[in-house]
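The values are calculated or read from the model by the stated rules, or taken from the named source; none is laboratory data. Please read all numbers here as calculations on a predicted model, not as lab measurements. Neighbour counts are summed over all protein chains in view; Cβ atoms, including those assigned to glycine, are modelled from backbone coordinates with ideal geometry.
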Amino acid sequence: MSKSALQIARASYVPKMPQVLRGNVQPKEGAATESVSDQEEIKKLFPNTYGMPIITFEESQREMGLENPVNVGVILSGGQAPGGHNVIAGIFDGIKRLNPDSRLYGFILGPAGLVNHEYKELTADIIDEYRNTGGFDIIGSGRTKLEEKEQFDKGLEILKKLNIGALVIIGGDDSNTNACVLAEYYKSINAGVQVIGCPKTIDGDLKNDQIETSFGFDTACKVYSEMIGNIQRDCNSARKYWHFIKLMGRSASHIALECALQTQPNICIVSEEVEAKQQSLDDVVNDIATIVAKRAEKGLNFGTVLIPEGLIEFIPAMKALIAELNDFLAHNQAEFDMVRRSGKRDYIISKLSPKNSEIYASLPETVARQLTLDRDPHGNVQVSLIETEKLLAEMVKTRLDEWKKEGKYKGKFATITHFFGYEGRCATPSNYDADYCYSLGYTASMLIAAGKTGYMSSVRNTTAPASEWIAGGIPITMMMNMERRHGAMKPVIQKALVKLDGNPFRYFASNREKWAIETSYLYPGPIQYFGPTEVCDQPSKTLQLEQKS
Ligand code: FBP
């Protein structure tokens, strides 16, 4: 593989890690834990893994090591997030430290690799090729869900064949929920396989009182913020465009909010606030148009708008429209297919309830089409495909044209739209993510050595210097509650949405009026890997504000 100069330099970067993990450690157990809610139901569903204590690793005088080598399997699950390779490197170094004959196996292309028995041994040479690199290409990732007993049993066959005693699942909330179900099942049948989870997702929505952040969020947000900063400088130079920028993050708005904190745009929409205020699409459009008009009064016919990917689903009226469309098309697909393309829009308008029909009729042609034609294999509207940035840019333009006719607006309005998502998911991990991920992996191997199962690897206190980070494990059942999924109540890890009473949002809300009207752009520039610590090692603004009491 030919390598860039940065790749070569980065290969020799030694991740910083908690001081305690540099020496011999022993687990310290806290008190018994409870799930965040629905305790009785969760306890019943996880009789073998419920209530376990939080683990913290402490320095030990006893020489650490395992008499017998341990073979470990690792799975990368779901969307890519910078730092995954360092989690794997941390596991590798950890289990080799415990016993040099330990072996690490990677299952290929996500959980499907376990079920289909596709794997490769990850040797020192391979690991060294991937240290501190972005991407999940060392073994690939996939979105197969590990949910069925047959999958667990099929997986156990290969685990037994390879003499694997522990499996590490690196994934988001759903993958870690499934890791917990798997841990419970293997324990219930005395399979002799421990299961440990690691918190991954650029979306930043796998976090709680115990897990400070999911890895990848830091790097991805820094990449997007660099690009937003560059666009802002361009836009402040040319002074003729409004840039509508959609940011990835399936549901929660953490990414958009973090990017706003890093770049101080004129507008950032936070889906959770839109939902809390019960805003309609029209309200969102009016809010944006009002700021555009105010800036125009000052001769500022340019600006930036950040839009979270999940916005549409947080607008109550859109949610209702999508639900009715899903339902209607599920029952009338054949008739809908018979209608000529040019008549489809009017057909839908004539069939929906008056309220939804009115909303549907107000949508631009392209979006209306996306809502009825682009459907997933279950027949549902593919909300993530809706080009919200174009939708809003178009609707704001229409609103401003109306205001112009009424004499309420005199500016010029030209737009450019962007979507930032995949650009950030495989970036070379920031120092924060490189360090955090390596520590998460190394901690996972210590949890394995301690004989734990059903735990998520945890590294806390990460706004302090890495040497002071706290390594340990959190029982996954502790993060669970019961939620309705596909019509039935299921135990799942609670997804963390943006808290409107949390410090990051409050800081944003207290500054946004100024950022809207004045031009207060911040230009974070590209991620720096070498240099002064205040430039290279800063954690995300979200984390810094969250850690402030
Ligand atoms: P994970 O939750 O699996 O980490 O994935 C996050 C994400 O990047 C979302 O932000 C985005 O909506 C989605 O994956 C895109 O999925 P895909 O890679 O399948 O296009």
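Restricting the stretch 262-271 to residues that are part of a helix (DSSP H, G or I) and in contact with a strand residue (DSSP E or B) (Cβ under 9 Å, 6 or more places away or on another chain) leaves a set whose member that is farthest from Pro316 (Cα to Cα) is Thr263.
Answer yes if at least one residue in the stretch 486-502 is basic (Lys, Arg), farther than 30 Å from Gln7 by Cα and modelled with pLDDT of 95 or more, and no otherwise. Yes, there is a match, as at least one residue in the stretch 486-502 is basic (Lys, Arg), farther than 30 Å from Gln7 by Cα and modelled with pLDDT of 95 or more. Just for the stretch 251-266: of the residues that are within 22 Å of Ile202 (Cβ to Cβ) and away from the ligand (no atom under 16 Å from the Cβ), which one is surrounded by the most Cβ atoms within 10 Å (Cβ to Cβ)? Restricting to residues being within 22 Å of Ile202 (Cβ to Cβ) and away from the ligand (no atom under 16 Å from the Cβ), the top hit is Ala260. Residue count for the stretch 193-217, restricted to those that are near the ligand (Cβ under 10 Å from one of its atoms) and part of a loop (DSSP other than H, G, I, E, B): 8. Scanning the stretch 504-531 for residues that are more than 25 Å from Thr428 (Cβ to Cβ) and among the hydrophobic types (A, V, I, L, M, F, W, C) turns up Phe505, Phe508, Ala509, Trp515, Ala516, Ile517.
Among the residues making up the stretch 1-47, those that are of a type in the set (S, T, N, Q) and either touching a Pro at 6+ places or on another chain (Cβ under 7 Å) or under 21 Å from Glu468 (Cβ atoms) (or both) are Gln19, Asn24, Gln26, Thr33. I'm trying to understand the selection: among the residues of the stretch 421-457, which are within 16 Å of the ligand (Cβ to nearest atom), outside any loop (DSSP other than H, G, I, E, B) and buried (at least 24 other Cβ atoms within 10 Å of the Cβ)? Those that are within 16 Å of the ligand (Cβ to nearest atom), outside any loop (DSSP other than H, G, I, E, B) and buried (at least 24 other Cβ atoms within 10 Å of the Cβ): Gly424, Asp433, Tyr436, Cys437, Leu440, Met456. Output yes when any residue across the stretch 157-166 is within 16 Å of the ligand (Cβ to nearest atom) and at pLDDT 95 or above, and no when none is. No, that holds for no residue. When each of Ile307, Ile291, Ile312 is tested for being buried (at least 18 other Cβ atoms within 10 Å of the Cβ) and either more than 16 Å from the ligand (Cβ to nearest atom) or among the basic types (Lys, Arg) (or both), the lone residue that passes is Ile291. So for the stretch 517-531 (the condition being part of a loop (DSSP other than H, G, I, E, B), closer than 19 Å to Ser253 by Cβ, under 20 Å from the mean Cα position of the chain (by Cα) and β-branched (Val, Ile, Thr)), does at least one residue qualify? No: zero hits. Pairing residues of the stretch 247-258 that are part of a helix (DSSP H, G or I) with residues that are within 11 Å of the ligand (Cβ to nearest atom) and modelled with pLDDT of 95 or more, at Cβ distances under 6 Å and at least 6 apart in sequence or on separate chains, gives His254/Gly204; Ile255/Leu247; Ala256/Leu247; Ala256/Pro308.
Scanning the stretch 49-65 for residues that are crowded, with 16+ Cβ neighbours inside 10 Å and either part of a loop (DSSP other than H, G, I, E, B) or free of Cβ contacts under 8 Å to residues at least 12 places away in the same chain (or both) yields Thr49, Tyr50, Gly51, Met52, Pro53, Ile54. Confirm whether Asn68 is at pLDDT below 95 and either more than 16 Å from the ligand (Cβ to nearest atom) or at negative phi (or both). Here the answer is yes, as Asn68 does meet what is asked.
All of (1) touching a Lys or Arg at 6+ places or on another chain (Cβ under 9 Å); (2) within 16 Å of the ligand (Cβ to nearest atom) hold for Ile75 with one exception: (1). Checked against the criterion of being of a type in the set (D, E, K, R) and within 30 Å of Pro526 (Cβ to Cβ), the candidates Glu423, Glu358 yield just one match: Glu423. Scanning the stretch 11-40 for residues that are in contact with a Ser or Thr (Cβ under 9 Å, 6 or more places away or on another chain), surrounded by fewer than 16 Cβ atoms within 10 Å (Cβ to Cβ) and part of a helix (DSSP H, G or I) yields Ala11, Gln19, Arg22.
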